[in-house]
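Beneath this line is the structure, given in structure tokens, with notes to follow.
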Amino acid sequence: MARYFTDEHEWIDLEGDLATVGITDYAQGQLGDIVFVELPEVGTVIEKGKDAAVVESVKAASDVYAPISGEVMEANSALEDDPALVNTSPEEDGWFFKMTVADKAELDGLMDAAAYKSFCDSL
């Protein structure tokens, strides 16, 4: 499974033609305690860079952008009952949604783990 990162602090796990999307540990650390997550509905077609979800913390509400274009196939319903999963397991159990990959070429502009670490170190 390949993992990619965006400069908006999202991660994308690619398994075949299905991508799982969440926010990074760095992002959840910046947001603080997550109190609410609004997820996209299954079947929603989203375009790269457009709003896909909303995450609210004790500090702020932030949009989560679609890192690639595709159709939402599943939303993480566990976050509705326990949004703090984003804090405790941001890059595993705290995933936001799974989507199809409309154009694999959109993955070319994303970072690998080493590049993302470098990016965060420069902030």
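Assorted remarks:
- In this entry, V42 is excluded by the filter for residues that are hydrophobic (A, V, I, L, M, F, W, C) and farther than 18 Å from V101 by Cα.
- Pair list, Cβ < 7 Å and 6+ apart or interchain, from segment 46-61 residues that are more than 16 Å from W11 (Cβ to Cβ) to residues that are among the charged types (D, E, K, R) and part of a strand (DSSP E or B): D51/D63; V54/E38; V54/D63
- Of the residues making up segment 25-59, those that are touching a helix residue (DSSP H, G or I) at 6+ places or on another chain (Cβ under 7 Å) and open to solvent by less than 70 Å² (accessible area, probe 1.4 Å) are Q28, I34, V37, L39, V55, S57.
- Annotation: of all residues in segment 15-30 being part of a strand (DSSP E or B) and at pLDDT 95 or above, the one that is farthest from Y116 (Cα to Cα) is L18.
- Some residue of segment 5-18 being more than 22 Å from G109 (Cα to Cα), open to solvent by less than 50 Å² (accessible area, probe 1.4 Å), of a type outside the set (F, W, Y) and out of contact with any Lys or Arg (no Cβ under 7 Å at 6 or more places or on another chain): no
- Annotation for segment 85-96: no member residue is open to solvent by 20 Å² or more (accessible area, probe 1.4 Å), in contact with a Ser or Thr (Cβ under 9 Å, 6 or more places away or on another chain) and small (G, A, S).
- Meets criteria (farther than 21 Å from D7 by Cβ, under 15 Å from the mean Cα position of the chain (by Cα) and β-branched (V, I, T)) for T44: no
- Of the residues S122, S69, S77, S118, the single one that is open to solvent by less than 40 Å² (accessible area, probe 1.4 Å), small (G, A, S) and at negative phi is S69.
The values are calculated or read from the model by the stated rules, or taken from the named source; none is laboratory data. All values derive from a computational prediction rather than experimental measurement. Cβ: placed from backbone, ideal geometry, glycine included. Neighbour counts: every protein chain shown. Side chains included, ligands, DNA and RNA excluded: accessible areas come from the protein's heavy atoms. Shrake-Rupley method; radii C 1.70, N 1.55, O 1.52, S 1.80 Å.
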